[in-house]
Amino acid sequence: MEPEVPLGRVTLEDVRGAVEQLGGDPSRTNAAKVREVLGRGGYTTIQKHLEALRVEQAAPEAEEGPETAPEAPKELVQGIWAAAWAEAARRQGKALTEALQKVFKLEERLGVALDDLEGLAEDLDRLEGERDAAVARAAAAEKALEEERQAMVGERAALTAMVEQLRTLLPPAALG
């Protein structure tokens, strides 16, 4: 009868037990040897657990020290504070200078844009005047054309009346 092999997923504890059987050092064994001892499990899972055991082994144990740090010497703190203050003042001055330069450049660009806008407004006024004059000329031409058409309609009516009057004066044989 064969020994019973537990079924299910291979756990970290399963791999830890197999490593102990193989000498106890996870860095001196591999997934194939552990699988041989366990009789089950996927190489990827076993390798993952081996890596976790190796990390545990490599992590140094932290030594416990005092819970609070001793107070820093006042001269040291004053020196650090003065250096930090000077650096902050330097950075603030640099940032202020850069901001003022940006404001100056923006003011220049705004002046140019306002000049452009003023020129465009003058062009618009001129073009609107030209448009109004063209509209007035077109309206006058349209009015003159309508008057000319009305005159031609009147002339045509008069000519038609004359032709009719002349027909009445001609003998019927001459008409044809």
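The values are calculated or read from the model by the stated rules, or taken from the named source; none is laboratory data. Small disclaimer: the values here were computed from a predicted structure and weren't measured. Neighbour counts run over all protein chains shown; Cβ positions are idealised from the backbone, glycine included.
Condition check ((1) modelled with pLDDT under 95; (2) outside any helix (DSSP H, G or I); (3) under 30 Å from residue 16 (Cα atoms)) across all residues:
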| residue | (1), (2), (3) |
| --- | --- |
| 64 | yes, yes, yes |
| 67 | yes, yes, no |
| 136 | no, no, no |
| 144 | no, no, no |
| 159 | no, no, no |
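Of the set (1) surrounded by 10 or more Cβ atoms within 10 Å (Cβ to Cβ); (2) modelled with pLDDT of 90 or more, all apply to residue 13 but (1). Checking each residue in the stretch 36-54 for being small (Gly, Ala, Ser) and either surrounded by 13 or more Cβ atoms within 10 Å (Cβ to Cβ) or within 10 Å of residue 19 (Cβ to Cβ) (or both) picks out 41, 52.
Here residue 95 meets the list (1) of a type in the set (A, V, I, L, M); (2) at pLDDT 95 or above; (3) under 30 Å from residue 9 (Cβ atoms) almost entirely, failing just condition (3). Among residues of the stretch 164-176 that are among the charged types (D, E, K, R), those with a beta-carbon under 9 Å from a residue that is modelled with pLDDT under 90 at least six positions away or on a different chain give the pairs 167/175.
Could you check, for the stretch 21-32, whether at least one of its residues is surrounded by 10 or more Cβ atoms within 10 Å (Cβ to Cβ), among the hydroxyl-bearing types (Ser, Thr, Tyr), at pLDDT below 90 and part of a helix (DSSP H, G or I)? Looking for residues that are surrounded by 10 or more Cβ atoms within 10 Å (Cβ to Cβ), among the hydroxyl-bearing types (Ser, Thr, Tyr), at pLDDT below 90 and part of a helix (DSSP H, G or I), one finds at least one in the stretch 21-32, hence yes.
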